[in-house]
Ligand code: PMP
């Protein structure tokens, strides 16, 4: 990976110069909150759903008990502009925006967090991307124990267990059920399926992250007059569906071709949402939703 400039603890430094005490609360206990935000290169750079990511990060800061408020959109944009220039970025990329405790302390730390903003090069999905999945014995963490609504580093250890289980069973990704035996989500992605033209996805009380992409997908389908159901979903109906796809800021729209031994075709509605999502992130469609923030910097071609 290239040694990019990042913004850490109020200065622009090379990623390799950023340090963290080994006994900090973040290194020891995964105590951090973060967002992964996508930036798409067109005639200008466009950030997708920036305000929503900043709002979710602010909620995460609150819920984890960090004594900080997220920086303003204006400050964020100034940092991103500078990072694009310093790193000579000329392609799609992703931004990791993380608040952490960089002092030696326990998980109960009430120290003030610092933040870093780091670019990671990540191009948009090509139309032939797909994944295979397996239902895991590993369950999604219960929001009665740890909130699944926030993006906290420690939550991803649950994802790690499920991912390792999926890999050991020969699949690309896991599908996790929740404590009540309903379908919850994957790692880093929410799940949608289609049955007889109806678009179905687990409801927000299925121990899922309130995914911004899930919200985008629902709004695009609604705008185009498709019937949407957000509800509890059983394993059997998922396996009997006509089409399945997963979605998330990183994975965008990714079709699912195989769940265990059940084959799925990449159907018309999956192709439709893939295409519409690509238009939305590139600021070519759904402009009335105000989802894209243009970075006022001409792109070198
Ligand atoms: N679920 C989990 C557990 C995730 O980590 C992510 C990625 N942030 C998602 C769903 C998708 O969320 P979003 O669309 O906001 O990226």
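The values are calculated or read from the model by the stated rules, or taken from the named source; none is laboratory data. Since the structure is predicted, the reported quantities are computational estimates derived from the model, not experimental observations. We place every Cβ from the backbone using ideal geometry, glycine too, and count neighbours over all the protein chains shown.
The residues of the range 11-41 that are more than 16 Å from the ligand (Cβ to nearest atom), assigned to a loop (DSSP other than H, G, I, E, B) and in contact with a strand residue (DSSP E or B) (Cβ under 8 Å, 6 or more places away or on another chain), listed by number, are 18, 20, 21, 23, 31. May I ask you to verify whether residue 140 is within 15 Å of the chain's Cα centre (by Cα), within 16 Å of the ligand (Cβ to nearest atom) and either more than 18 Å from residue 26 (Cβ to Cβ) or surrounded by fewer than 17 Cβ atoms within 10 Å (Cβ to Cβ) (or both)? Here the answer is no, as residue 140 does not meet what is asked. Restricting 221, 274, 264 to residues that are more than 17 Å from residue 139 (Cβ to Cβ), away from the ligand (no atom under 13 Å from the Cβ), surrounded by 14 or more Cβ atoms within 10 Å (Cβ to Cβ) and free of Cβ contacts under 8 Å to residues at least 40 places away in the same chain narrows the list to 264.
Whether a residue is free of Cβ contacts under 8 Å to residues at least 24 places away in the same chain, within 25 Å of residue 81 (Cα to Cα) and out of contact with any strand residue (DSSP E or B) (no Cβ under 6 Å at 6 or more places or on another chain) was assessed, and residue 288 passes this test. Tell me the strands (runs of 3 or more DSSP E) entirely within the range 42-124 that contain at least 2 residues that are under 18 Å from residue 11 (Cα atoms). Result: 93-100, 114-121.
Each row is one residue, and each column tells you yes or no for (1) more than 15 Å from residue 272 (Cβ to Cβ); (2) away from the ligand (no atom under 15 Å from the Cβ).
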| site | (1), (2) |
| --- | --- |
| 185 | yes, no |
| 189 | yes, no |
| 200 | yes, yes |
| 207 | yes, no |
| 226 | no, yes |
| 230 | yes, no |
| 245 | no, no |
| 248 | yes, no |
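Taking (1) farther than 30 Å from residue 57 by Cα; (2) at pLDDT below 95 in turn, residue 237 satisfies each apart from (2).
Of the residues screened, residue 169 is not one that is within 27 Å of residue 31 (Cβ to Cβ) and more than 14 Å from the ligand (Cβ to nearest atom). Of all the numbered requirements in (1) modelled with pLDDT of 95 or more; (2) surrounded by fewer than 14 Cβ atoms within 10 Å (Cβ to Cβ), residue 126 misses one, and that requirement is (1). Counting just the residues of the range 60-75 that are under 15 Å from residue 37 (Cβ atoms) and surrounded by 15 or more Cβ atoms within 10 Å (Cβ to Cβ), which one comes out farthest from the chain's Cα centre (by Cα)? Here the residue is 71.
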